[in-house]
Amino acid sequence: MKISIDISYYPLNQNFREPIKAFIADLQSKENISVRTNSMSTQVFGEFDDAMKAVNECIKNAFELPESQFVLKVINMD
């Protein structure tokens, strides 16, 4: 099943750009998904298992930075 995930990442510190760029680069390094970005959010497209695994791993990595928040919307279509 194809899904789309819309992700908003909020690193709650003054240097917020670098963690966001690192999160996007981490997502883009994953195989079998498509990543698109805009000024408001990042979208991930792909098969359910591939997309969820990639997002899960990248969020876990990003949580190494204290006080990080994510908002996700998951849609069951591409």
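The values are calculated or read from the model by the stated rules, or taken from the named source; none is laboratory data. Predicted model, so just to flag it, every value in this text is computed and none were measured. No Cβ is skipped: glycine too gets one built from the backbone with ideal geometry, and neighbour counts run over all protein chains shown. We work out accessible area using only protein heavy atoms, side chains counted, and drop any ligands, DNA or RNA first. Shrake-Rupley method; radii C 1.70, N 1.55, O 1.52, S 1.80 Å.
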Keeping all protein chains in place and using 1.4 angstrom, which order do LYS2, LYS60, LYS30 fall into by accessible surface area, from largest down? LYS60, LYS2, LYS30
How large, in percent, is the carbon and sulfur part of the accessible surface of the chain at a probe radius of 1.4 Å? 51
Quick one: helix 17-28 against the long Cα principal axis of the chain, what's the angle to the nearest 10°, folded into 0 to 90? 20
Using only the Cα atoms of the chain, what are the Rg and Dmax in Å? 11.9, 39
What lysines does LYS2 reach when the alpha-carbon gap must be under 23 Å and sequence neighbours fewer than 8 apart in one chain are set aside? LYS30, LYS53, LYS60, LYS73
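Using a simple charge model, +1 on the beta-carbon of Lys and Arg, -1 on the beta-carbon of Asp and Glu, nothing else, what dipole does the stretch 1-61 show about its Cα centre, in debye to the nearest 20? Walk me through the intermediate numbers first.
On the way: 7 positive and 8 negative charges, 38 e Å.
So the dipole magnitude of the stretch 1-61 works out to roughly 180 debye.
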Rounding to the nearest 10 and keeping the result within 0 to 90°, find how far the Cα-based axis of helix 48-62 lies from the longest principal axis of the chain. 10
Bins of 10 Å, starting at 0 and running to the largest distance - Cα pair percent for the stretch 27-70: 27, 54, 20, 0
Note down the net charge around SER29, summing +1 for each Lys or Arg and -1 for each Asp or Glu among other residues with Cβ under 14 Å from its Cβ. -1
The answer for the chain, accessible area per residue at 1.4 Å probe in Å², is 68
